[in-house]
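Heads up: the structure comes next, in structure tokens.
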Amino acid sequence: MHHYGNEDTWSVADRAQVNPVWTIDDDALIDDIHAGNEIVGRYTFDMKGTFQPRRALLHARKQIQKEAERMGCNLLIREGWSVTALRRGEKDLRIEVVYRARPAQSDVLRSAKEPPFLNYLPQK
């Protein structure tokens, strides 16, 4: 049986980070893109049973996309993220996601289907 710190303190169990990268091709028609300011979202998810970092990251990205749409943008041209898995005691699990994105508006381009380097995170 493992002991993970005291019952009141959250400790880091795992962490993954991808610095912001361009998510459009180098050959994209830059003239057709109208970029907005970077959006940063911070999200906390309490987990039951097991860590689900991919699910948390995908949910955070959806929230960022909704914020971009409210700004009149329809794609993300630069994205980065960090996922931190936290544990308190034996049973409490939490994931904190920080998602950074640069939204833009284009009549030609669309956002990538998933966050960059999603495969860094375990399937479950």
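Points to keep in mind about this one:
- Every residue from segment 40-56 that is among the aliphatic types (A, V, I, L, M) and closer than 29 Å to M71 by Cα: V40, A56
- Unique residue being within 17 Å of A16 (Cα to Cα), of a type outside the set (S, T, N, Q) and out of contact with any helix residue (DSSP H, G or I) (no Cβ under 7 Å at 6 or more places or on another chain) when the list is R94, R70, R88, R78: R94
- Selection count where residues are farther than 21 Å from Q17 by Cβ and within 16 Å of the chain's Cα centre (by Cα), scope segment 47-66: 1
- Candidates in segment 99-124 are the residues that are in contact with an Asp or Glu (Cβ under 7 Å, 6 or more places away or on another chain) and surrounded by fewer than 16 Cβ atoms within 10 Å (Cβ to Cβ); of these, the one that is farthest from M71 (Cα to Cα) is V108.
Per-residue answers, yes or no, for (1) surrounded by fewer than 17 Cβ atoms within 10 Å (Cβ to Cβ); (2) modelled with pLDDT under 95:
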| position | (1), (2) |
| --- | --- |
| Q52 | no, yes |
| R55 | yes, yes |
| L58 | yes, no |
| R61 | no, no |
| M71 | yes, yes |
| I77 | no, yes |
| S82 | yes, no |
| L86 | no, no |
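- Cross-chain or 6+ apart pairs with Cβ under 6 Å, segment 99-112 first and touching a residue at least 12 places away in the same chain (Cβ under 8 Å), then assigned to a loop (DSSP other than H, G, I, E, B) and hydroxyl-bearing (S, T, Y): A112/T23
The values are calculated or read from the model by the stated rules, or taken from the named source; none is laboratory data. The structure presented is a predicted model; accordingly, all values stated were derived computationally and were not measured. Virtual Cβ from ideal backbone geometry, glycine too; neighbours counted across all protein chains shown.
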